[in-house]
Amino acid sequence: MINYEKTKHQLKGEIKNITCRDGYCRITIEAPAICHVATPGQFVMVKASEEKSNDPLFRRPFSIHQVADGWLTIIFKIVGRGTKKLAKMKAAEMLDVIGPLGKGFHIANGQRHYLVGGGVGIAPLHFLAESIYRYNPESEIVALLGARTAKELDAFAHINSLNFMQVAISTDDGTAGHHGLVIDLLERSVTEKGLGPVYCCGPWPMMKAIAMYCSNKKMACQVSLETIMACGVGACLGCAVSGSEVIGDGYLHVCKDGPVFEAEKIWL
Ligand SMILES: Cc1cc2nc3c(=O)[nH]c(=O)nc-3n(C[C@H](O)[C@H](O)[C@H](O)COP(=O)(O)OP(=O)(O)OC[C@H]3O[C@@H](n4cnc5c(N)ncnc54)[C@H](O)[C@@H]3O)c2cc1C
Ligand code: FES
């Protein structure tokens, strides 16, 4: 029996809203206990099986996209068994979640913050942007969002309405925004605006490239890692990644030590 820390909650939250389009779903559930203690970059483990079923056996991890007045929102891409089942849920049904889990982003001091997201890695950046704005409304917040095609960005289109933040987008195929990689946007923004801490979530190669760029520029960089997870609380050791040899951290557990790490702990 897993003993969750006092700040973690397992609850059944009523689904207020679920919408699915083009392979992405957005679910909002009532979860005030989680919302009150959550910090950006943390995640929840969601039971994807029906009430009396254990298929799939393990819960699935999803970043907290937004918390507002006790309502918690996640956005996910339909990729396999668990997410296919979740996509079939309906408003007013109960969703079984555990959270908030892991260590989230540390909001750095600074007058400019770069939030860099790729694909579903954009999901935690909404909560992060709102938290930075609350913490330091005077600071400049720049979101740089990349995806393979314009369609993949549709699930996150509402981020454009955060009027305290500048948003630039890139797509691999040129169907929206800059035709190229999100790192191009970061290089361009840093040249035009100046240095600032970077918060990054997306595919591993993208995060590694961003981490290397930040290291060269001496900019602080935090990365949010994704691994396959079974327990989400440090009990199964299934999410271990090797830490950077320079720092000598040995193995790190993404669910408990992360998912957010200083980039130098992983790669440099
Ligand atoms: C901390 C954390 C936060 C996450 N946040 C989000 C989020 O906000 N939105 C979102 O869409 N996804 C997110 N993910 C990924 C998400 O957990 C997986 O896509 C999901 O568990 C897949 O479940 P499934 O049963 O549909 O797929 P499965 O049937 O289990 O697998 C289908 C395919 O997806 C691959 N896969 C499964 N889990 C992962 C994973 N964690 N990373 C990469 N590939 C995987 C499998 O190898 C397989 O090829 C997050 C993962 C972590 C660890
Ligand atoms: S998922 Fe079990 S230890 Fe991290």
Subject >> Answer residue from the range 39-87, given it is within 12 Å of ligand 1 (Cβ to nearest atom) and among the charged types (D, E, K, R) and is nearest to residue 130 (Cα to Cα) among those >> reply: 77
**OP:** Output the strands (runs of 3 or more DSSP E) that fall wholly within the range 1-96 and possess 2 or more residues being modelled with pLDDT under 95 and more than 24 Å from residue 239 (Cβ to Cβ), or say none.
**Re:** 9-21
**OP:** Evaluate the following for residue 152: is it modelled with pLDDT under 95 and either within 14 Å of the chain's Cα centre (by Cα) or assigned to a helix (DSSP H, G or I) (or both)?
**Re:** yes
**OP:** Go over the candidates 191, 227 one by one and state the one that is within 13 Å of ligand 1 (Cβ to nearest atom), polar (S, T, N, Q) and either open to solvent by less than 10 Å² (accessible area, probe 1.4 Å) or not assigned by TED's automatic domain parsing to the domain that holds residue 80 (or both).
**Re:** 227
**OP:** Determine if the range 169-177 includes at least one residue that is within 18 Å of residue 260 (Cβ to Cβ), open to solvent by less than 20 Å² (accessible area, probe 1.4 Å) and assigned by TED's automatic domain parsing to the domain that holds residue 258.
**Re:** no
Original post:
Out of curiosity, is residue 166 surrounded by 19 or more Cβ atoms within 10 Å (Cβ to Cβ), assigned to a strand (DSSP E or B) and at pLDDT 95 or above?
Top reply: no
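The values are calculated or read from the model by the stated rules, or taken from the named source; none is laboratory data. In this text the structure is predicted, and so the values were computed from the model without any measurement. No Cβ is skipped: glycine too gets one built from the backbone with ideal geometry, and neighbour counts run over all protein chains shown. Quick note on the areas: whole protein, heavy atoms, side chains included, nothing else; ligands and nucleic acids left out. Shrake-Rupley method; radii C 1.70, N 1.55, O 1.52, S 1.80 Å.
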